[in-house]
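Before any comments, here is the structure.
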Amino acid sequence: MRVVSGIQPTGNLHLGNYLGAIRNWVRMQDEMGDGEQCLFFLADLHAISMPHDPAELRKGTLEMAAALVACGIDPAKSVLFNQAQVPQHAELQWLLGGTARMGWLNRMTQWKDKAGKNREGQSVALFTYPVLQAADVLLYQATHVPVGEDQKQHLELARDIAQKFNNDFASEEAPVFTLPDPIVPPQAARIMSLRDGLAKMSKSDPSEMSRINLADDADTIMKKVKKAKTDPEALPGEEAGLAGRPEALNLVTIYAALTEGSVETVLKDFGGEGFGKFKPALGEVMVESLRPISERFTALLEDREALDAILARGASQAREIAVPTLEKTYESLGLVRG
Ligand code: TRP
């Protein structure tokens with residue numbers, strides 16, 4: 001079993017990233033057996049597919065690395081790195097470019113959403129983004145790739161590329177690439193905006209009040225929770241009573257995720273109570289669960305040397321795993337290497 005996954009380093013992590021993806025990465029890391037491995041990386045190469053500010057990208061990459069470690073990604077257990085320090089990602093992407101088809105990429109919903117009506121004006125990198133993502137996982141012979149629902153299509157594409165490459169350039173007995181399985185963790189909580197229960201909590205939401213950042217201090221967290229959008233009703237005793245009340249459901253879901261409980265158990269405790277009582281309780285739980293994370297995060301950010309060392313070491317481990325697959329790829333394609 002080899003687990004590989006990436007996250008775009010666009011600034012600070014928020015509660016949605018933590019409860020949705022990162023906490024699940026930490027679980028997988030802690031459940032790895034002998035000879036099994038997790039690789040987690042910052043997709044900084046993907047970040048240049050959209051207009052970006054270089055200083056912001058550098059800062060975001062370091063912040064995200066610190067945040068991952070603060071959340072429990074242990075560089076002694078997992079390989080943690082950023083793509084830019086492992087040139088094999090970009091190399092493999094080019095080599096896979098002969099196999100990926102325009103038609104496949106044209107069907108990607110993320111491309112269609114991000115490009116909108118202005119396809120001609122987009123960067124080539126935005127179009128080929130999924131080929132780089134395929135390279136990210138195929139490079140390491142990943143067997144399992146934890147992703148959110150929105151990334152499943154990209155993983156299907158990685159499988160198609162791997163399959164076609166194996167068919168065209170390898171024998172059945174000695175395939176070059178392993179077909180990776182996407183895993184969309186069932187227990188991953190879908191955390192929504194605090195201002196709109198139907199929109200995902202997102203770092204691109206212009207309103208700071210819509211999300212809890214992992215680095216927010218206690219006062220900020222309390223303020224955001226108290227101002228969170230709700231309805232005037234009291235909390236129901238059962239989950240069915242939350243139907244049609246997306247904001248209420250979201251707050252209860254967050255409480256449940258942070259206390260390792262379920263929506264049902266939270267409603268057992270709070271059914272019949274209004275938000276005047278529930279919100280301060282939720283704020284407390286958030287502050288207490290995020291405190292150790294934000295303390296480690298701040299400490300790590302202040303120790304730039306330690307952070308650089310973590311990423312350098314992770315990158316060197318990643319390169320070592322990557323090289324044999326990359327060499328096999330060059331060779332299968334008939335490219336002459338010295
Ligand atoms: N595209 C992913 C996202 O936006 C990030 C990503 C890049 C990724 N490469 C990956 C995820 C490889 C899984 C595997 O969330």
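The values are calculated or read from the model by the stated rules, or taken from the named source; none is laboratory data. Fair warning: this is a prediction, and the values are worked out from it, not measured in the lab. FYI the Cβ positions are ideal-geometry reconstructions off the backbone, even for glycines, and counts take in every protein chain you see. Heavy atoms of the whole protein, side chains included, go into the accessibility calculation; ligands, DNA and RNA do not. Shrake-Rupley method; radii C 1.70, N 1.55, O 1.52, S 1.80 Å.
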Anything in region 311-325 that is of a type in the set (A, V, I, L, M, F, W, C) and crowded, with 20+ Cβ neighbours inside 10 Å? List them, or say none. Leu311, Ala315, Ala318, Ala322
Please state which of the following conditions Ala55 fails to meet, knowing it meets all the rest: (1) out of contact with any helix residue (DSSP H, G or I) (no Cβ under 8 Å at 6 or more places or on another chain); (2) among the aliphatic types (A, V, I, L, M); (3) closer than 21 Å to Val137 by Cβ. (3)
Test: residue in region 118-134 that is open to solvent by 50 Å² or more (accessible area, probe 1.4 Å), out of contact with any Asp or Glu (no Cβ under 7 Å at 6 or more places or on another chain) and within 16 Å of Phe177 (Cα to Cα): no
When you go through Ile48, Ile7 one by one, which is the residue that is touching a strand residue (DSSP E or B) at 6+ places or on another chain (Cβ under 7 Å) and surrounded by fewer than 21 Cβ atoms within 10 Å (Cβ to Cβ)? Ile7
Expected output for region 147-167 (first residue within 12 Å of the ligand (Cβ to nearest atom) and modelled with pLDDT under 95, partner polar (S, T, N, Q) and open to solvent by less than 10 Å² (accessible area, probe 1.4 Å), Cβ below 8 Å, 6+ apart or cross-chain) is Val147/Ser5
Return a yes/no flag: does region 122-144 have any residue that is of a type in the set (Gly, Ala, Ser), on the phi < 0 side of the Ramachandran plot and more than 13 Å from the ligand (Cβ to nearest atom). yes
Please work out if Ala170 is farther than 19 Å from His14 by Cα, more than 11 Å from the ligand (Cβ to nearest atom) and touching a Lys or Arg at 6+ places or on another chain (Cβ under 9 Å). yes
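To keep it simple, each residue is scored yes or no on (1) touching a Pro at 6+ places or on another chain (Cβ under 6 Å); (2) open to solvent by less than 40 Å² (accessible area, probe 1.4 Å); (3) not aliphatic (A, V, I, L, M).
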residue: Pro206; (1), (2), (3): no, no, yes
residue: Asp216; (1), (2), (3): no, yes, yes
residue: Ile221; (1), (2), (3): no, yes, no
residue: Glu238; (1), (2), (3): no, no, yes
residue: Leu249; (1), (2), (3): no, no, no
residue: Ser262; (1), (2), (3): no, no, yes
residue: Lys268; (1), (2), (3): no, no, yes
residue: Val285; (1), (2), (3): no, yes, no
residue: Arg291; (1), (2), (3): no, no, yes
Go through (1) at pLDDT 95 or above; (2) under 30 Å from Val252 (Cβ atoms) one by one and return the number of the condition Val131 breaks. (2)
Criterion violated by Pro175 - all others in (1) open to solvent by 50 Å² or more (accessible area, probe 1.4 Å); (2) touching a Lys or Arg at 6+ places or on another chain (Cβ under 7 Å); (3) not β-branched (Val, Ile, Thr) satisfied: (2)
Can you say whether Arg119 is outside any helix (DSSP H, G or I) and basic (Lys, Arg), as far as the supplied structure shows? yes
Evaluate region 94-102: report whether one residue or more is surrounded by fewer than 22 Cβ atoms within 10 Å (Cβ to Cβ), within 15 Å of the chain's Cα centre (by Cα) and within 30 Å of Glu327 (Cβ to Cβ). no
Pairs please, first residue from region 184-204 and in contact (Cβ under 8 Å) with a residue 12 or more places away in the chain, second anywhere and of a type in the set (Phe, Trp, Tyr) and buried (at least 19 other Cβ atoms within 10 Å of the Cβ), Cβ atoms under 9 Å, 6+ apart in sequence or on different chains. Ile191/Tyr18
Criterion: within 19 Å of Ala189 (Cβ to Cβ), of a type in the set (Val, Ile, Thr) and free of Cβ contacts under 8 Å to residues at least 12 places away in the same chain - qualifying residue of Thr230, Thr265: Thr265
